[in-house]
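The values are calculated or read from the model by the stated rules, or taken from the named source; none is laboratory data. Just so we're clear, the structure is a prediction, and the values are computed from it rather than from any experiment. Backbone-built Cβ (ideal geometry, glycine too); neighbour counts: all protein chains shown.
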Amino acid sequence: MTVPPPGGIDCDIHPAIPSIDVLLPYLSAHWREQVVTRGLDELNSIAYPDNSPLTARPDWRPAQGRPGATLAQVQAQALDAFGTSLAICNCLYGVQVLFSEDLAAAIARAVNDWIAKEWLDRDPRLRASIVVPSQSTELAVEEIERLAGDQRFVQVLLLAMGDTPLGRRHHWPIYAAAERHGLAVGIHAGGSYHNPPTPVGWPGTHTEDYVNQAQAFQSQLTSLITEGVFSRYPALKVVLLESGFTWLPAHLWRLTKYWRGLRMEIPWVDRSPAEIVRSNVRLTIQPVDAPEGDALNRLIDHMQSDELLLFSTDFPHWQFDGAEALPDGLDATLVRRIMIDNPRATYARLLEPVA
Amino acid sequence: MTKHVVAPVAEIPPGTRRLLTVKGRPIAVFNLGGEFFGLLNRCPHQGGPMCEGHLTGLVQSRTPGQYDRSRDGEILRCPWHGWEFDIRTGQSYVDPERTRIRAYPVSVAEGAALVAGPYVAETIPVSVEQDYVVVEV
Amino acid sequence: MNVQLQGTPTLETRLTGKLGIADGDIHPARKSSTDFHPWLAKRWHDHAALFGTPGRQGWQVGPAYPKSQPNASRRDAYPPEGGRQGSSLSFMQAQHLDPNNVELGILNPLGVGQGMQNIEFSAAMCHAANEWQIAEWLSKDARLRGSVMVAYEDGPLAAAEIRARTGDPNFVQVLLLSRTAEPLGSRRYWPIYEAAAEAGLPVAVHAFGYGGAPITSAGWPSYYIEEMTGHAQCCQAVLTSMVVEGIFARFPSLKVILVEAGFAWVPPLAWRLDKHWKRLRAETPYLTRLPSEYIRDHVWFTTQPMEEPDPREHLRDTIDWIGWDRLIFATDYPHWDFDDPAHALPLAIDDEQRRKFFIGNARTVYGLNAPGWPAAARQANT
């Protein structure tokens, strides 16, 4: 791995909610009381067990508390250490796992207000994704509308595994709202765990759960394309966050092959899936699921575009050591695109001045 | 290209098709409501026998959920992988620039003209009461 | 006459020339639902008549997602004597085995009892399917080899059927479907692997089946194209489970063949497994090697449906990464996404690679490398 040049735009960092207590001031009296009197636990999903090696790099684990839970820590470890110019906060808190839509909406609002006040207000390098209660399209859209005026929110955050595939039409008002406001839609690893995390049932290990996240992204990409989300919302940008990317060429070969034979089933898909991905879909670079060197460069060649990858550290998840956030052997032009040009082209709001 | 008489019109009535070998080439001849079309009987993708393909219309869509059907009967789906081809041009619908089935001109000639005219028809039983299907290969 | 009128297509010998090929995935079909009756207890005839043969999806008959064409089969594969595609041996010979120079054809019967609601009925149907393969196919064409069908949701029942077929040269593998009730590395399936390893039979996992979970980890999709594309994701989950749950560590002689899921997804999955297993290995102390090494030593893949990158040369990288000794050519005859041996691999490759890809790897994995094959095989069969 190599050290990236400074000035990059980090499209996937994870400030942590230190404890649900910090959200209490951002909840209405009713929900505050519900959280307290019902003894609601921390909403940390099983996607990232607190002490799992993947969840935080050893040198990014504080002596006390959760990794990435203080601004000073994120500034020192995620921003200054890489010379990052801008970073997008994707707050992973188990809002999507809840079954009550209303409780999910209340927590999502609290998370977003907390992010704005405790993070975005305090460091001009930070941007954020809008956490939405994806259990309810209606409430998710309400939350997007509530925050769309704040240009520091650059993306709507969804998870890779929900109750129904993200291409299904009942999700579309979310895409309409995102497109209308110039927000990207980010899909991050993790899920509601309302369905088994594999198509063949619940796995027996956490390792399988994490590895299988990539298959969830593949299924979501299939769904978004075949259902016609990009036919209906041509300006929409979808970013796959912490998805891995080395599976993309093989997946598109297969999907495009079937599209040639089964187009009649989805006649609104009037371009090949590979073309649609090149115009509408981006992926963050961590984790790099490939051996370094020749194989990775051939794989990048198979992607047939230098516009697809966005720089990310996935802080504080342990995907690499030291400051070596990029794989070896990428050419300088591609590095510049990954670090700066591609993020700017993906997130229209990064170009906007913020108050 | 030479013109070959391949069959009396009555043997390929509207709505039917016939696989023929002309100059060693397998050619599928279709009669769509009296109009004749000829295609090489080999899908350019993997060689599927086009003569056994399903004739359908062109389905397009203005927006997801809309199914706009046109050109009934003029789109041929390969019997194997379902790739769609325009029966008039042999052009693939999904990959028009690169994939095309060889299309052969097919016409109908008067029986009398065949006997008197330039067509090589000596070994075909010619009947002046019938018209003939002619393929140019 | 300068023109020959023909009623039926000429079946030509294809571009593979004189090379005899293996076909790792042929689907024989029943002529009628009563074909298994000679080998089924009367009780089960009645059961089927009264309650049907439901599986874990909503339809009494037919798949959850409508196929693109009838029986998901080639439109040109209906036997002239009638019946569904794949139900006539003589037409299969004339349309596929003879013209494509198939020297070794592996039968994978589908929809004949696996994954059924009633597990005892399922086991009885699988037993009947094995007898039917012998009576109607294997005893009549020496090029064909069968799969031991098992009621895979019950490990002990499945293992008993495998043990009953041990040593029978008609059968060269055990057949499971990919979409099971739990991931195939799960402990409930271990009796199958134990029996297969003892019998020296590879375990083939064919795409399809309904295990009860949504067929994507993101929920039920809308379209058949999603199901078809999704088999690659399902089989990634299957392979991940088998490796991480330690099937190959526990059954070191076990061979697994993944059938009809394509193969281009294998290198990225193996890389991902290696990378994250290294980080998380405290969870799986029984694994002593990298996941990719277990895959490299224990797993084969049938080729169909071949991925079709543009440019096609990219596929050479993929096969180089997997290994030219790991792919088993398959057509999926008579299904619609059939790969034609003359067109499926449009790469310039050397004779050794061609031989492995089209026949050598299959003979190795099925243990049919004996000198004199197929003559010796014919003898064994008669």
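Here are some notes:
- When the range A:262-300 is filtered for residues that are assigned to a helix (DSSP H, G or I), within 7 Å of chain C (Cβ to nearest Cβ) and within 30 Å of C:TYR65 (Cα to Cα), the ones remaining, listed by number, are A:LEU262, A:GLU265.
- Close Cβ contacts (under 9 Å, 6 or more residues apart or on different chains) running from residues in the range C:175-202 that are in contact (Cβ under 8 Å) with a residue 40 or more places away in the chain and facing chain A (nearest Cβ under 8 Å) to residues that are β-branched (Val, Ile, Thr) and surrounded by fewer than 21 Cβ atoms within 10 Å (Cβ to Cβ) comprise C:GLY185/A:THR205.
- Odd one out for A:PRO353 among (1) part of a loop (DSSP other than H, G, I, E, B); (2) more than 11 Å from chain C (Cβ to nearest Cβ); (3) over 20 Å from A:ALA184 (Cα atoms): (3)
- In this structure, A:GLY182 does not satisfy being more than 16 Å from A:VAL281 (Cβ to Cβ), in contact (Cβ under 8 Å) with a residue 24 or more places away in the chain, surrounded by 20 or more Cβ atoms within 10 Å (Cβ to Cβ) and among the small types (Gly, Ala, Ser).
- C:TYR189 meets each of the listed conditions (1) among the hydroxyl-bearing types (Ser, Thr, Tyr); (2) surrounded by fewer than 24 Cβ atoms within 10 Å (Cβ to Cβ); (3) in contact with a Phe, Trp or Tyr (Cβ under 9 Å, 6 or more places away or on another chain) apart from (2).
- Flag if A:ARG127 is out of contact with any Asp or Glu (no Cβ under 6 Å at 6 or more places or on another chain) and closer than 18 Å to A:LEU158 by Cα: yes
- Note on the range C:286-302: among residues that are away from chain A (no Cβ under 13 Å) and not in a strand (DSSP E or B), the one that is surrounded by the most Cβ atoms within 10 Å (Cβ to Cβ) is C:TYR294.
- Candidates are the residues of the range A:63-121 that are surrounded by fewer than 24 Cβ atoms within 10 Å (Cβ to Cβ) and among the basic types (Lys, Arg); the one that is nearest to A:PRO343 (Cα to Cα) is A:LYS117.
- Residue match in the range A:219-239 (condition: touching a residue at least 60 places away in the same chain (Cβ under 8 Å), buried (at least 23 other Cβ atoms within 10 Å of the Cβ) and closer than 30 Å to C:THR284 by Cβ): yes
Yes/no matrix, rows are residues, columns are (1) within 25 Å of A:HIS188 (Cβ to Cβ); (2) of a type outside the set (Gly, Ala, Ser); (3) without any contact (Cβ under 8 Å) to a residue 12 or more places away in the chain; (4) away from chain A (no Cβ under 13 Å):
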position	(1), (2), (3), (4)
C:ALA207	no, no, no, no
C:ILE215	yes, yes, no, no
C:ALA218	yes, no, yes, no
C:PRO221	yes, yes, yes, no
C:THR229	yes, yes, yes, no
C:CYS235	yes, yes, no, no
C:THR240	yes, yes, no, no
C:VAL243	no, yes, no, no
C:PHE248	no, yes, no, yes
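- Exactly one residue among A:GLU292, A:GLU352 is over 30 Å from A:SER231 (Cα atoms) and either at pLDDT below 95 or under 21 Å from the mean Cα position of the chain (by Cα) (or both), and that residue is A:GLU292.
- Scanning the range A:232-261 for residues that are away from chain C (no Cβ under 14 Å) and either outside any loop (DSSP other than H, G, I, E, B) or at positive phi (or both) yields A:ARG232, A:VAL239, A:LEU241.
- For the range B:50-66, a residue qualifies if it is in a loop (DSSP other than H, G, I, E, B) and of a type in the set (D, E, K, R), and exactly one does: B:ARG62.
- Of all the criteria given as (1) within 15 Å of the chain's Cα centre (by Cα); (2) within 23 Å of C:SER32 (Cα to Cα); (3) without any contact (Cβ under 8 Å) to a residue 60 or more places away in the chain, the one not satisfied by C:SER122 is (1).
- Hits in the range A:1-36 (condition: more than 22 Å from the chain's Cα centre (by Cα), among the polar types (S, T, N, Q) and modelled with pLDDT of 95 or more): A:SER28, A:GLN34
- Taken as a whole, the structure places A:PRO67 among residues that are assigned to a loop (DSSP other than H, G, I, E, B) and under 30 Å from A:ALA325 (Cβ atoms).
- Subset of the range B:81-96 that is more than 8 Å from chain A (Cβ to nearest Cβ) and assigned to a loop (DSSP other than H, G, I, E, B) - its residue that is surrounded by the fewest Cβ atoms within 10 Å (Cβ to Cβ): B:PRO96
- Residue match in the range C:105-126 (condition: touching a Gly at 6+ places or on another chain (Cβ under 8 Å) and surrounded by fewer than 17 Cβ atoms within 10 Å (Cβ to Cβ)): yes
- Residue selected from the range B:24-56 under the condition among the aliphatic types (A, V, I, L, M) and more than 24 Å from C:MET306 (Cβ to Cβ), by the criterion farthest from the other protein chains (Cβ to nearest Cβ): B:LEU32
- Residue match in the range C:62-74 (condition: within 21 Å of B:GLY53 (Cα to Cα), in contact (Cβ under 8 Å) with a residue 40 or more places away in the chain and touching a Leu at 6+ places or on another chain (Cβ under 7 Å)): yes
- Meets criteria (in a loop (DSSP other than H, G, I, E, B) and in contact (Cβ under 8 Å) with a residue 40 or more places away in the chain) for C:PRO169: yes
- Checking each residue of the range C:212-221 against the condition of being surrounded by fewer than 24 Cβ atoms within 10 Å (Cβ to Cβ), more than 23 Å from A:GLU227 (Cα to Cα) and touching a Lys or Arg at 6+ places or on another chain (Cβ under 7 Å) gives at least one match.
- Search result, residues across the range A:301-318 that are facing chain C (nearest Cβ under 10 Å) and touching a residue at least 60 places away in the same chain (Cβ under 8 Å): A:HIS317, A:TRP318
- Screening B:GLU74 against (1) in contact with an Asp or Glu (Cβ under 7 Å, 6 or more places away or on another chain); (2) assigned to a loop (DSSP other than H, G, I, E, B); (3) within 19 Å of B:ARG100 (Cβ to Cβ) leaves a single unmet condition, (2).
- A:PHE320 vs. criteria modelled with pLDDT of 95 or more, surrounded by fewer than 22 Cβ atoms within 10 Å (Cβ to Cβ) and closer than 24 Å to A:PRO15 by Cα: yes
- Residue, nearest to C:PRO334 (Cα to Cα), within the range B:57-80, restricted to residues that are within 14 Å of the chain's Cα centre (by Cα) and within 10 Å of chain A (Cβ to nearest Cβ): B:CYS78
- Every residue from the range A:94-125 that is without any contact (Cβ under 8 Å) to a residue 40 or more places away in the chain and touching a helix residue (DSSP H, G or I) at 6+ places or on another chain (Cβ under 7 Å): A:GLU101, A:ALA104, A:ALA105, A:ALA108
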